[in-house]
Amino acid sequence: MNNQKLSIIPLGGVNEIGKNMYIIQSGDDLIVVDCGSKFPDESLLGIDVIIPDISYLIENQDKVRGLVVTHGHEDHIGGIPYIIKQLNMPIYATRLTLGLIKGKLKEHGLLGTTILHQIDPHSEITLGSVPLSFFSTNHSIPDCLGIAFHTPQGTVVHTGDFKFDLTPVNNQYADIHKMADIGKKGVLALLSESTNAERPGFTPSERLVGANILEAFVNAEGMIFITTFASNVHRLQQIIDAAIKTDRKIALAGRSMVNVVEIASTLGYLNMPSNMLVDLAEVNKYKRDEIVVACTGSQGEPMAALGRIASGNHRQISVSAGDTVIFASSPIPGNERNVARIVDNLFERRAKVIYGSGSNTGMHVSGHASQEELKLMLTLMKPEYFIPIHGEYRMLHLHRLLAESVGVKSSNIFILNNGDVVDFAGSEAFQERRVTNGDTYVDGLGIGDVGNVVLRDRKVLSADGILIIVITFGKSDNKIVSGPDIISRGFVFVKESEGLMEEVHRITMQQMELLQETNLHKPWNLYKQNIKESVGKFLYAKTKRRPMILPIIIQV
């Protein structure tokens with residue numbers, strides 16, 4: 001062992017699902033693994049995506065050697081264009097993952113200024129003074145990698161997302177022999193994903209889904225709508241295969257579905273006849289039983305393609321009685337209500353809907369390892385220290401118990417929060433410090449400019465609305481020229497609340513006169529504050545609501 005310090009730092013992806021980002025720091029060499037995003041919940045009004053806080057990376061940007069990406073899912077690549085705008089660094093990824101990343105960089109105008117390196121499971125690279133090697137894994141997207149960092153302190157392994165699928169659809173087999181060889185040579189620390197740590201047994205093969213999709217296609221009479229994660233290229237290939245066997249054309253609905261199919265087809269990861277793809281605008285030229293529509297919206301997103309189709313708001317296509325709609329997915333916890341709403345809308349349109357838990361319908365299997373596979377990874381790697389990642393706390397805890405069951409010492413297992421640091425010095429590991437960490441909110445073109453104060457204001461606006469009070473003063477004598485003019489948005493309908501508005505007008509005038517009598521030269525912000533407080537107290541007493549009150553004072 002070398003005395004050079006080694007640190008492992010998760011900036012995202014522990015105690016949560018999404019926005020994965022991990023740092024392996026050996027001496028002055030800092031290597032980033034993955035750069036994901038996650039979608040906001042309904043409390044984060046107006047926020048588009050959430051990405052990791054990279055304050056620590058920016059503080060140490062002279063030590064950053066590169067970003068290595070395990071695979072192409074949004075929770076591992078979604079943050080890349082936003083992070084690259086703040087800290088440009090070389091990116092290392094496999095062919096399909098790199099293709100998806102290029103699409104994002106191009107969209108943000110960053111493709112020409114970002115250094116990209118293609119790697120594969122056989123690659124061996126050195127970042128700074130740290131050699132890296134890779135091994136292939138199975139997941140629900142092709143070209144997935146695990147990473148071994150051969151630091152002077154010892155080997156650190158990051159599994160990426162994985163399962164052990166012995167009959168993969170694309171014949172990309174997990175390299176169990178290489179994993180065992182890495183373990184045989186000695187692994188200091190293992191970072192392993194925990195998403196399915198609650199599920200006993202083994203995760204079924206993706207190949208099982210194909211037979212069920214084909215059966216549903218054979219039995220369908222009208223048009224088929226099928227929704228799944230756009231990035232699940234294996235599932236898309238099985239949809240294509242079933243369409244070929246049932247003599248149907250395929251149309252794509254949803255921006256991400258179109259993008260992924262275009263990139264995966266160009267790179268050779270999807271195989272379909274050249275005349276099979278039909279533009280969505282041309283669908284109505286065919287009989288309904290000749291078309292399959294692959295669409296986004298598997299998680300009930302109201303503005304995704306299936307959500308708009310189900311509500312009758314899609315401008316190009318609609319569901320008719322007798323059509324078949326297939327959810328080739330399972331609802332992520334928290335999305336059940338949104339999915340149920342769309343299913344209800346589809347039933348109202350007299351469609352046949354195949355929905356619910358994918359394990360019950362046979363239309364979905366997970367891309368993540370269940371308990372026996374997690375134990376197999378631990379057994380292959382035989383780590384001295386173990387850090388469960390990529391999961392909520394209960395998943396991390398259960399993964400810890402699995403590690404203990406296969407012989408990892410309880411004292412050598414670290415359950416972390418984002419920002420926690422595990423330091424290795426000599427033969428000891430300890431967790432005694434944290435680095436700056438948190439969520440960075442992306443709203444439109446703004447990165448990190450929406451904080452708690454802005455979100456609080458948005459919540460107030462969404463709950464109680466806004467009352468704007470406009471007063472115009474003469475610049476020479478500070479006397480009121482016009483107003484107060486009162487504008488209500490989302491609070492009350494002015495025409496039906498004239499008495500309330502007259503009282504707000506009276507209170508505002510009273511406050512202005514009182515302040516002018518005491519001192520003509522009081523600062524305008526004091527006028528505004530007094531109006532907000534007095535009007536706010538009155539409105540709460542009358543309505544039990546607290547609208548945002550925005551006084552505007554104009555001098556002319």
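One table, with the values for the structure above:
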item	result
Qualifying residue in segment 392-403 (condition: surrounded by fewer than 21 Cβ atoms within 10 Å (Cβ to Cβ), of a type in the set (G, A, S) and part of a helix (DSSP H, G or I))	no
All positions within segment 10-24 that are buried (at least 24 other Cβ atoms within 10 Å of the Cβ) and in a strand (DSSP E or B)	P10, L11, G12, V14, M21, Y22, I24
Sole exception among (1) open to solvent by less than 30 Å² (accessible area, probe 1.4 Å); (2) among the polar types (S, T, N, Q); (3) free of Cβ contacts under 8 Å to residues at least 60 places away in the same chain for S194, by number	(3)
Unique residue being at pLDDT 95 or above and open to solvent by less than 10 Å² (accessible area, probe 1.4 Å) when the list is I413, I387	I387
Residues (of a type in the set (D, E, K, R) and closer than 23 Å to P10 by Cβ) located in segment 56-113	E59, D62, K63, R65, E74, D75, K85, K104
Residues satisfying the stated conditions in segment 525-543, i.e. modelled with pLDDT under 80 and loosely packed, with under 12 Cβ neighbours inside 10 Å	N525, L526
Test: residue in segment 306-323 that is polar (S, T, N, Q) and closer than 30 Å to I9 by Cβ	no
Subset of segment 231-266 [assigned to a loop (DSSP other than H, G, I, E, B), at negative phi and at pLDDT 95 or above]	T246, R248
Candidate set from segment 544-556 (those that are at pLDDT below 80, touching a Phe, Trp or Tyr at 6+ places or on another chain (Cβ under 8 Å) and assigned to a loop (DSSP other than H, G, I, E, B)); member that is nearest to I471 (Cα to Cα)	V556
Odd one out for N284, checked against (1) over 25 Å from R95 (Cβ atoms); (2) open to solvent by 60 Å² or more (accessible area, probe 1.4 Å); (3) part of a loop (DSSP other than H, G, I, E, B)	(3)
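The values are calculated or read from the model by the stated rules, or taken from the named source; none is laboratory data. Quick caveat, the model's predicted, so the values are computed rather than measured. Positions of Cβ are backbone-derived with ideal geometry, glycine not excepted, and every protein chain shown enters the neighbour counts. The area values use the complete protein model at the heavy-atom level, side chains included, leaving out ligands, DNA and RNA. Shrake-Rupley method; radii C 1.70, N 1.55, O 1.52, S 1.80 Å.
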